[in-house]
Amino acid sequence: GSTRSRLENAGAEMTSLARFHPFEACLAVVDETRGLSLWDYETGEALARWQSGSGGRTTALDWLHAHASTLLLAGNDDGVVRVWGGLGLERGNEGGEARPRLVTAFVAADDLAAERRSSGLVCAWDAADARLYCGGDTRRLRAWDLDAEVASHSVETGSDACVTALALPPGRPQVVAAGFGDGTLRLFDLRQRRAAQAYPREHGAWIVHCHAHAHTAPRELASGCVAGDLKFWDSRTPGAPSLRTLDVQNSTMTALAAHASSPLLASGSHNQFIKFMLRDGDQLNIVRYHDGVFGQRIGPVATLAFHPTKLLAAAGSTDAVVGIYSA
């Protein structure tokens with residue numbers, strides 16, 4: 001949990017999303033409007049800046065085809081998904097100049113209610129299946145075949161609450177776990193026509209993040225809510241009570257992230273701290289200040305993201321600084 005570097009996104013008032021590229025030293029960042037930027041997190045240099053679309057907030061961000069011709073997907077709360085290329089990260093073009101260009105755009109959810117305090121468009125990308133799963137402030141969960149640009153599935157969520165988080169249990173194609181704004185958690189099997197299976201309602205508030213971990217024995221599904229509690233479930237048995245609960249923090253939990261290949265977790269607080277811990281609850285470190293001569297206090301945490309393989313984390317808050325941490 002030590003600070004490795006900091007990115008100064010001058011002009012931004014907050015960082016709402018961040019995603020590490022799996023193979024290049026590149027971090028994609030979204031600010032409070034629709035500003036997209038790419039950063040070399042080793043040098044702190046901005047590689048590119050541009051606007052994604054003309055309306056609303058960007059609420060979804062992911063890298064596509066990172067092993068080949070890298071694309072960046074951005075979803076806005078008007079329901080539109082845009083895919084960007086020309087990022088200077090194509091294989092054989094390392095160090096090439098980034099000249100972002102729109103590759104494709106489509107309406108992923110035409111019934112999205114773009115309220116300021118809603119989740120907007122929430123997406124999860126399944127690279128193995130080339131499918132994009134989309135939910136959010138809509139009563140439907142959709143699966144998009146990105147190669148054909150058609151919606152392959154569309155099912156009712158069974159809830160009036162908005163989808164706030166999506167997770168894809170490993171090794172189970174077209175199975176999606178969804179967390180909701182009312183604290184509920186549901187499992188959808190899009191290959192079957194039956195309704196979603198609901199877990200017992202143990203969270204009392206908005207689910208900040210859910211994650212299905214490939215490296216735990218019973219294929220654990222983890223979910224955390226703004227009240228500060230983190231619960232672990234068996235992703236194979238919806239309907240069963242949670243396996244265990246961690247009371248991560250007493251203050252409002254505004255961000256949560258789980259490392260894809262190690263037992264690391266990070267939570268962020270409105271009270272200006274980041275907590276690094278293991279999945280068994282052992283606390284590793286708490287970060288309250290940026291490194292430096294003056295030790296500037298970090299802002300209220302808005303987003304957290306781990307690198308897919310390296311022990312690195314990025315934290316964005318309600319200021320222009322993105323912190324990069326060695327976990």
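The values are calculated or read from the model by the stated rules, or taken from the named source; none is laboratory data. All of these numbers come straight from a predicted model, not from anything done at the bench. Cβ sites come from the backbone with ideal geometry, for glycine too, and all protein chains shown count toward neighbours. In case anyone asks, the SASA skips ligands and DNA or RNA and just uses the protein heavy atoms, side chains included. Shrake-Rupley method; radii C 1.70, N 1.55, O 1.52, S 1.80 Å.
Scanning segment 164-177 for residues that are touching an Asp or Glu at 6+ places or on another chain (Cβ under 9 Å) and closer than 21 Å to TRP206 by Cβ, we see that the one that is surrounded by the fewest Cβ atoms within 10 Å (Cβ to Cβ) is LEU168.
Being open to solvent by less than 10 Å² (accessible area, probe 1.4 Å), among the hydrophobic types (A, V, I, L, M, F, W, C) and more than 29 Å from ASP145 (Cβ to Cβ) is the requirement here; does PHE180 meet it?
Working: open to solvent by less than 10 Å² (accessible area, probe 1.4 Å): yes; among the hydrophobic types (A, V, I, L, M, F, W, C): yes; more than 29 Å from ASP145 (Cβ to Cβ): no.
In short, no.
The lone criterion from (1) more than 13 Å from VAL321 (Cβ to Cβ); (2) at pLDDT 90 or above left unmet by GLN51 is number (2). Annotation note: Cβ proximity below 7 Å between a residue of segment 183-201 that is over 16 Å from GLY135 (Cβ atoms) and a residue that is open to solvent by 50 Å² or more (accessible area, probe 1.4 Å) and assigned to a loop (DSSP other than H, G, I, E, B) (sequence gap 6+ or interchain) occurs for PRO200/PRO241. Say we look at segment 12-35 and pick out the residues that are within 20 Å of ILE298 (Cα to Cα) and of a type in the set (D, E, K, R); which of these is modelled with the lowest pLDDT? Looking at residues that are within 20 Å of ILE298 (Cα to Cα) and of a type in the set (D, E, K, R), I get GLU32.
Could you tell me whether any residue of segment 151-163 is closer than 23 Å to HIS67 by Cα and exposed (fewer than 14 other Cβ atoms within 10 Å of the Cβ)? Checking segment 151-163: not a single residue is closer than 23 Å to HIS67 by Cα and exposed (fewer than 14 other Cβ atoms within 10 Å of the Cβ).
Scanning segment 43-68 for residues that are among the hydrophobic types (A, V, I, L, M, F, W, C) and out of contact with any strand residue (DSSP E or B) (no Cβ under 8 Å at 6 or more places or on another chain) turns up ALA66, ALA68. Suppose the filter is open to solvent by 20 Å² or more (accessible area, probe 1.4 Å) and either at pLDDT 95 or above or closer than 22 Å to VAL122 by Cα (or both); does THR216 pass it? Answer is no for this residue. The condition of being in a loop (DSSP other than H, G, I, E, B), modelled with pLDDT of 95 or more and not polar (S, T, N, Q) holds for only one of ASP182, ASP147, that being ASP182. Picking from residues in segment 185-220 that are outside any strand (DSSP E or B) and aliphatic (A, V, I, L, M), the one that is nearest to the chain's Cα centre (by Cα) is ALA214. The number of residues in segment 75-86 being open to solvent by 30 Å² or more (accessible area, probe 1.4 Å) and within 24 Å of GLU8 (Cα to Cα) comes to 0. Identification of strands (runs of 3 or more DSSP E) wholly contained in segment 1-81 with 3 or more residues that are without any contact (Cβ under 8 Å) to a residue 24 or more places away in the chain yields 45-51.
Scanning segment 115-144 for residues that are surrounded by 14 or more Cβ atoms within 10 Å (Cβ to Cβ) and not in a strand (DSSP E or B) turns up SER118, SER119, GLY120, ALA127, ASP129, ALA130, ASP137, THR138, ARG139. Just one residue in the set LEU112, LEU72, LEU89 is open to solvent by less than 50 Å² (accessible area, probe 1.4 Å) and modelled with pLDDT of 95 or more; that residue is LEU72.
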